[in-house]
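Everything below concerns the one structure shown next.
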Amino acid sequence: PLLDKFAKYPLLFGPSPISKFDNLSKALGKKVNIFAKREDRNSGLAFAGNKLRKFEYIVPDILAGDYTHIVSIGGIQSNQTLMTVATACKIGLKAVTVQENWVPIPEAEKATYDKVGNIEASRIMGGDVRLVPDGFDIGLRKSFQDAIDDLKAQGFKPYPVPAGCSEHKYGGLGFVGFVDELIEQEKQLGVKFDKVVVCCVTGSSAAGIISGMAQYGREKDVIAIDASFTPEKTKEQTLRIVNNTNKLLGLDKTIDDFQLDTRFAHPCYGLPNEGTIEAIKFVGRTEGVLTDPVYEGKSIQGLIQLVKEGAFEEGSNVLYVHLGGASALSAYSSYFK
Ligand code: PLP
């Protein structure tokens, strides 16, 4: 694989497992065979998830300099900031995480939103968690630069990792590895996955998968489900990461577009719609698998809708990418009474 020339620091157990969602397939009329590749169970660090796969190709760059801190950014219940803290612990550095006010927190969650779930876990692991009031944006942020400047002023050497690891030069590589792994798993299972469905916000998970699939001429088989509610920005950023990653890999291919389904992100980033909650319960009750209201609840809602409306050929094998995130569920308890 083209990825072999890049240094990798192992943070995952190994290839992430693939579950067969037979019950869900059956409950949806047996039109397609649904499988899930379990990034939510990819590692023993904290609650695992997609960010660790990205960090595997970023950590060697961190270890090559004498950095003291990793600095990253996300919302209050961010998976990115949590997994930054866990990664820093693993490699013996400190973490500073900027936690912005990305979500209009429901009244019923206000008392606990900044205390439970992912932020609680960050605090347990000794993360220097900095709450700031700025709103949602997947791009590079002033509050992020402020944290970096602050550490430098104190004589430290911070290593910046942008939101979702996405705008990092190596941010797309981890999910190229996901695809190389998948190709091997297809051989072992004797199954070819006709479509791959993945949640998309800051873009590097989907971008890595698109680049990875492009190596095998299969980039058109990826369906991304937007959960940002700012789909133009997400699409533009994702395409940029795809083409940067292709260049890094030495893959002579320019990608101009990809399928981004924008129907499920409402009412905004970080809050579920009615269909999201229904989908979370449905998958929980049929498969015993948990998804969260911010990301995977929306992408599985998308998958279910696509099956229902006949978007996949009958009998096809559909791979759902479960990117993690269920550790934020306790910050959304009012939706599940
Ligand atoms: N799913 C989960 C659980 C996440 O934490 C994220 C992070 O943003 C995503 C999906 C979206 O992935 P990406 O930001 O790489 O587009």
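Bear in mind these aren't lab numbers, they're just calculated from the coordinates by the rules spelled out. Source: prediction; values computed, not measured. Positions of Cβ are generated from backbone atoms using ideal geometry, with glycine treated the same way; all protein chains shown enter the neighbour counts.
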Fill in the blank from the handout: Taking Lys and Arg as +1 and Asp and Glu as -1, residues besides residue 218 with C-beta under 13 Å from its C-beta add up to -1
Practice task
Please tell me the relative contact order of region 239-303 in percent, rounded to the nearest whole number, where contacts are Cα pairs under 8 Å and at least six residues apart.
Solution key: 28
Handout entry: Charge sum, other residues only, whose C-beta stays under 10 Å from residue 265's C-beta, Lys/Arg counted +1 and Asp/Glu -1
Key = 0
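What dipole magnitude, in Debye to the nearest 20, does the chain give about its Cα centre under +1 on Lys/Arg Cβ and -1 on Asp/Glu Cβ?
500
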Practice task
Could you point to the residue in 255, 6, 202 farthest towards the positive end of the chain's charge dipole, with +1 and -1 charges on the Cβ of Lys/Arg and Asp/Glu respectively?
Solution key: 6
Practice task
Treating cross-link reach as a plain straight distance, find the lysines whose alpha-carbon is under 17 Å from the alpha-carbon of residue 192, omitting any fewer than eight places away in the same chain.
Solution key: 20, 31, 37, 220
Fill in the blank from the handout: Computed, not fitted: 222 nm per-residue ellipticity of the chain from DSSP H runs ≥ 4 (each -39500 (n - 2.57)), nearest 500, equal to -11000 deg cm²/dmol
Handout entry: At most 15 other Cβ within 10 Å, DSSP loop - trypsin sites (Lys or Arg not before Pro), region 207-306
Key = 253, 263
Handout entry: Zone of residue 124's modelled label, taken as backbone nitrogen in region 64-81 under 15 Å from a point 7 Å along Cα→Cβ
Key = none
Exercise for the section: List the residues of region 61-100 whose backbone N lies under 16 Å from a point placed 7 Å from the Cα of residue 334 along the Cα-to-Cβ direction. Expected result: 77
Fill in the blank from the handout: Log entry: pair-distance distribution for region 180-337, C-alpha pairs binned every 5 Å from zero, whole % per bin is 2, 9, 18, 20, 20, 16, 10, 5, 1, 0, 0
Exercise for the section: Just check region 1-154 against the gyration tensor rule for me: Cα atoms, a ≥ b ≥ c as the square roots of the eigenvalues, rounded for a/c under 1.5, and otherwise prolate or oblate depending on whether a/b exceeds b/c. Expected result: oblate
Fill in the blank from the handout: Counting Lys and Arg as +1 and Asp and Glu as -1 over every other residue whose Cβ sits under 15 Å from the Cβ of residue 60, the net charge comes to +2
Exercise for the section: Note down the nm distance, to one decimal, between modelled labels 7 Å out along Cα→Cβ at residue 9 and at residue 110. Expected result: 4.1
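Across every pair of different alpha-carbon atoms, what Kirkwood hydrodynamic radius in Å does the chain reach?
19.9
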Practice task
Between residue 22 and residue 153, with labels modelled 7 Å along Cα→Cβ, what's the label distance in nm to one decimal, could you check?
Solution key: 6.1
Handout entry: Lys/Arg +1, Asp/Glu -1 at C-beta; region 85-234 dipole; positive extreme among 87, 225, 131
Key = 87
Exercise for the section: With only Lys, Arg, Asp and Glu charged, each at its Cβ (+1 for the first two, -1 for the last two), find how big the charge dipole of region 79-204 is about the Cα centre; round to the nearest 20 debye. Expected result: 320
Practice task
Measure out, as a whole number of angstrom, how far apart the alpha-carbon centroids of region 144-223 and region 1-54 sit.
Solution key: 13
Exercise for the section: With r as the distance between the Cβ atoms of residue 131 and residue 308 and R0 = 41 Å, compute the FRET efficiency 1/(1 + (r/R0)^6) and round to 0.05. Expected result: 0.55
